[in-house]
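J.: Pasting a structure here, questions to come.
The values are calculated or read from the model by the stated rules, or taken from the named source; none is laboratory data. None of these values were measured; they are calculated from a predicted model. Neighbour counts run over all protein chains shown; Cβ positions are idealised from the backbone, glycine included.
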Amino acid sequence: MTMPATSPTSPPRSGPETSPTPRSGDLVLTGISKDFGGQRAVDNLDLTVPEGAFFALLGPSGCGKTTTLRMVAGLEEPSAGRIRLGEREITRLRPYKRPVNTVFQNYALFPHLDIFENIAFGLKRRGVKDFKPKVDEMLDLVELGGYGKRRPGQLSGGQQQRVALARALINRPQVLLLDEPLGALDLKLRRQMQLELKRIQTEVGITFVHVTHDQEEAMTMADTIAVMNAGVIEQMGTPTELYDLPATTFVANFLGQSNLVRATIIGQADQNLVVDVHGRKVTVPLPRCRVTEGDVWMGVRPEKVFLARAGTEQSNGANQLRGAVVTDVSYVGVSTQYLARLPWDQELTVFEQNTGARDTFTVGDAVDLHWQPSHTFVLDAEQDARAGVEKVDDPGGAG
Amino acid sequence: MTRAGRWIRRNLIMMFALLVLLYLFAPIIVVMLMSFNQPKSKLSYTFDGFTWENWQHPCRPFGLCDAVSTSLRIGLLATVIATALGTLMAFAMVRHRFRGRSGTNLFIFLPMATPEIVLGSSLLALFVSSGFGGQLGFWTVLIAHVMFCLSFVVVTVKARLTGMDSRLEQAAMDLYANEWQTFWRITFPLVFPGILAAALLSFSLSFDDFIITNLNAGTTVTFPMFVWGSAQRDIPPQINVVGTAMFLLALVLVLGGELTRRRRVR
Amino acid sequence: MSAVGQLGAATAAPPAKTERSGRRFTAYLLLLPGGLWLLLFFVVPLVSLLAASLYDPNGSIESGFKMTWHFQNFADAMSDYARPFGRSLWYSLITTVFCLVLGYPLAYAIAMKAGRWKNLMLALVIAPFFTSFLIRTLSWKLLLSDNGFVVDALKWLHILGPDGRLLATTAAVVTGLTYNFLPFMVLPLYASLERIDPRLIEAGGDLFAGPLTTFRTVTLPLSMPGVVAGTLLTFIPAAGDYINAQLLGTPKQRMIGNDIQRLFAAGAYPTAAALSVTLMAAIVVLVLFYVRRAGTEELV
């Protein structure tokens, strides 16, 4: 899919006026807060989205991500703070004066207009005269050529989603906002659209801000992710950074899974910290520790942990926890997922890839756990170890 | 149970429903038949003979067409006023948050729940005590009609408005339409069927009203009043012509609306 | 000035304290014309009526009425007209019950069983409404007449004796009343039934024994708002009706509406007003009692 090399958009008629400003620029939110009645939905948020990035705002429902998006779109007014696009302050501008377009969660296609009119809507409001060829081109691009005369009610969910995208993109906004646009699609279609969206963004170069509760989706598509919880950003960075070195228990649990074990820092050796885990010693590289003394959570991801028969010696300087018993085995094709209970009555999760070269274990086996120290991370013990854990009875997100 | 028995049991409710519909339509059929009636004498109200004359000379009975014209004029005027005012109120109720909203809701509902005799007599009491007792006529009837149609308009338009996704208007503004353009291009077309339904309802309520009108009309005669008057004396068959015509017109409008709705996608 | 035009004007002003205050102002503006109309021509008249019921009954339209706080009017009215009064309430009660019995299956059929024909059936329910209801009631006069086929059929079925008649009886009046108010029962019922998620009924069928139990425990409670709205919209206007009684009945079936109308026409305003107020009061009491028992508050 390629975007047409159209000329730069002329200033919209009912669009941004004021003094001439550079077209491009970063999206900067400073100290943004939003109160609804007595509830603080967004709390003193600072955020910079680099121009041309695919940015994901990730978090469970109710964390304030959609509210933040709507404030950027102009559909909500911030209670405090400023929003800047490049050099221009847009905090109080009406939505139709901002060079920002939104793809809504339920698509919000106008039911009384046909597809052609839906897509042409923004162009016509801005006074663009020769919109017909542009709309036709856009229809072809989203592979809905010939559907122009149909009504939204006659299209499938996936088709409606593409129309919503076309309707927004055709205006070449500086920032495209996407509010969980793939939520209503089935799995296969969702995966397909994720790749297509990513491809479009790379070719067009427009800044995308994508709001979602699906961490896999965010990690697949985004260059930068900001994880939000209860109105604040817990951590922001590349998918790798976030996954490999979470800053809080929320991020550790919300992205993938983590084993978090109560521990205490007891000393330092070279560039590593020595941590006491229920009587056993574990080393953690200093850069991977968020706190350097006192009680902590020692964390390691399940897929980084290996099981060995009890008593087997590990020779490569691995961290070890001995004396565990396998309490559950789940075979899921790609991997086998174990639960191992340790002597202090905590069950840790271990994912072993079914390479065929590893031992398999059954319930009741006595095992030792081992992993590379560079895969460990240390977090402040003040944090809630259950934060961000996806509830079993909450299918639509981390709850 | 036999096959027939099972069929009956499954469709029992529908059969009963169709019987009720028949009950609803029986008088209409009578009205339509009677419009072709040639009464033997002025006093009989039975089917005596078939004739096209009634349809050819609908205005023969003295005062009938004047009464119909009066009803039409009042109906159209009352509809325009009630629909306009009621639509504004409906927008206020649905799209804005303000103190006393539920109280206003009740206030609007009250006229619908008051017996017509009370509505009519209270208005008469007002007119008399404020000195207009001698000027009952077209305008007092109009005032009364707008009053009781308002509530129905508000309820009908409200129903349509609440069903409307407000995100459509947000999407429009996101796509560079200002408030005015958003209203005319998005809100109004989508709420229009509700406004139209409210107008039709309003017109039929007004045209058909008797009790309130009778109390407040003075010497003016509307069509229902004419019917009432003739029921005490002789009933010209042309009354049924008007009745049938109204019914057919309404049927055409309702079916026409349904067909246009089916042709264009919801 | 359109609604949104006003909204636009309000929000285009320099940043308001909150967006709310602008919208609230617009709301009041929108409500003003209609609200004023209702205030002037609904509330004030009711007050007028209340005042008129306390006038000196010895006045007349020509000589004017004097306000003497004559509460005696109520006592007099009730002693003279207690029977038609009670009869009106009784008739409207029977009518409401009949409307419910006839209307509920119809509404149920349209909402649940009609499928593609749903809108057509709804149109058929509403369409008779567009013919003048006086004319329709006159047609009942014809249908129920002594030599009409309905009476003949009933005589043939031995439901009516050989001398029996339908016209000029309570049955005729109630038939007319039921007929005229049936759409007012069916439409709210339909609206309420239509909103019920059919999967709830399926779940009921899954958990309970038979369709009757499912209806009793799932469908009926969920349709209660419609039942309440429908019964109110039927009972209240029926209580004040007099057309059916006059056209289809005899002075024995006289309803209070007849008397109020007659008294107003004759100029006996205080008595007529007193009756009107009493009727209104009785209805309000009954409705409050009923709504409290039925437990639903959201009617519109």
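J.: Of the residues A:THR212, A:THR202, A:THR224, only one is of a type outside the set (Asp, Glu), touching an Asp or Glu at 6+ places or on another chain (Cβ under 7 Å) and closer than 30 Å to A:ARG88 by Cβ; which?
T.: Result: A:THR212 is the single residue among A:THR212, A:THR202, A:THR224 that is of a type outside the set (Asp, Glu), touching an Asp or Glu at 6+ places or on another chain (Cβ under 7 Å) and closer than 30 Å to A:ARG88 by Cβ.
J.: How many residues, within the range B:57-110, are in a loop (DSSP other than H, G, I, E, B) and facing chain C (nearest Cβ under 8 Å)?
T.: Counting residues in the range B:57-110 that are in a loop (DSSP other than H, G, I, E, B) and facing chain C (nearest Cβ under 8 Å) gives 4.
J.: Where in the range A:1-83 are the strands (runs of 3 or more DSSP E), entirely inside, with at least 2 residues that are hydroxyl-bearing (Ser, Thr, Tyr) and either modelled with pLDDT of 65 or more or buried (at least 17 other Cβ atoms within 10 Å of the Cβ) (or both)?
T.: Per the criteria, A:27-36.
J.: Would you check which residues across the range A:332-387 are of a type in the set (S, T, N, Q) and either under 24 Å from A:PRO60 (Cβ atoms) or in a loop (DSSP other than H, G, I, E, B) (or both) and list them?
T.: Across the range A:332-387, the qualifying residues are A:GLN337, A:GLN346, A:THR349, A:ASN354, A:THR355, A:THR360, A:THR362, A:GLN372, A:THR376, A:GLN383.
J.: Does the range A:359-376 include one or more residues that are closer than 20 Å to A:PHE306 by Cβ, loosely packed, with under 14 Cβ neighbours inside 10 Å and modelled with pLDDT under 85?
T.: Yes, that holds for at least one residue.
J.: If I filter the range A:201-212 for residues that are surrounded by 18 or more Cβ atoms within 10 Å (Cβ to Cβ), over 26 Å from A:GLU117 (Cα atoms) and modelled with pLDDT of 90 or more, do I get at least one hit?
T.: Yes, some residue in the range A:201-212 is surrounded by 18 or more Cβ atoms within 10 Å (Cβ to Cβ), over 26 Å from A:GLU117 (Cα atoms) and modelled with pLDDT of 90 or more.
J.: Further question: Kindly check whether there is at least one residue in the range B:126-141 that is modelled with pLDDT under 85 and more than 11 Å from chain C (Cβ to nearest Cβ).
T.: Yes: the range B:126-141 contains one or more residues that are modelled with pLDDT under 85 and more than 11 Å from chain C (Cβ to nearest Cβ).
J.: Continuing with the same structure: Regarding the range C:237-249, can at least one residue be identified that is of a type outside the set (Lys, Arg), surrounded by fewer than 24 Cβ atoms within 10 Å (Cβ to Cβ), more than 9 Å from every other protein chain (Cβ to nearest Cβ) and on the phi < 0 side of the Ramachandran plot?
T.: Within the range C:237-249, one or more residues are of a type outside the set (Lys, Arg), surrounded by fewer than 24 Cβ atoms within 10 Å (Cβ to Cβ), more than 9 Å from every other protein chain (Cβ to nearest Cβ) and on the phi < 0 side of the Ramachandran plot.
J.: Same structure again: From the list A:ALA226, A:ALA222, A:ALA184, which residue is assigned by TED's automatic domain parsing to the domain that holds A:LYS65, in contact with a Phe, Trp or Tyr (Cβ under 9 Å, 6 or more places away or on another chain) and surrounded by fewer than 22 Cβ atoms within 10 Å (Cβ to Cβ)?
T.: A:ALA184
J.: Right, another one. What number of residues in the range A:147-182 are without any contact (Cβ under 8 Å) to a residue 40 or more places away in the chain, within 22 Å of A:GLY205 (Cβ to Cβ) and within 13 Å of chain B (Cβ to nearest Cβ)?
T.: Total meeting the criteria: 0.
J.: May I ask you to list the residues in the range A:304-350 that are over 23 Å from A:LEU245 (Cα atoms), crowded, with 16+ Cβ neighbours inside 10 Å and in contact (Cβ under 8 Å) with a residue 60 or more places away in the chain?
T.: Correct list: A:ALA308, A:LEU342.
J.: Which fully enclosed helices (runs of 4 or more DSSP H) of the range A:196-268 have 1 or more residues being more than 19 Å from A:GLY183 (Cα to Cα) and more than 15 Å from the chain's Cα centre (by Cα)?
T.: By residue number, A:249-254.
J.: Next up: Any residue at all in the range A:115-133 that's outside any loop (DSSP other than H, G, I, E, B), modelled with pLDDT of 90 or more, away from every other protein chain (no Cβ under 14 Å) and surrounded by fewer than 17 Cβ atoms within 10 Å (Cβ to Cβ)?
T.: Yes, some residue in the range A:115-133 is outside any loop (DSSP other than H, G, I, E, B), modelled with pLDDT of 90 or more, away from every other protein chain (no Cβ under 14 Å) and surrounded by fewer than 17 Cβ atoms within 10 Å (Cβ to Cβ).
J.: Have a look at A:VAL291, A:VAL274 and point out the one that is without any contact (Cβ under 8 Å) to a residue 12 or more places away in the chain and in contact with a strand residue (DSSP E or B) (Cβ under 8 Å, 6 or more places away or on another chain).
T.: Only one candidate qualifies: A:VAL274.
J.: Quick one: B:LEU123 ticks every box in (1) touching a residue at least 60 places away in the same chain (Cβ under 8 Å); (2) at the interface with chain C (Cβ under 7 Å from one of its Cβ atoms); (3) more than 24 Å from B:THR222 (Cα to Cα); (4) not hydroxyl-bearing (Ser, Thr, Tyr) bar one, so which box is it?
T.: Status for B:LEU123: all satisfied but (3).
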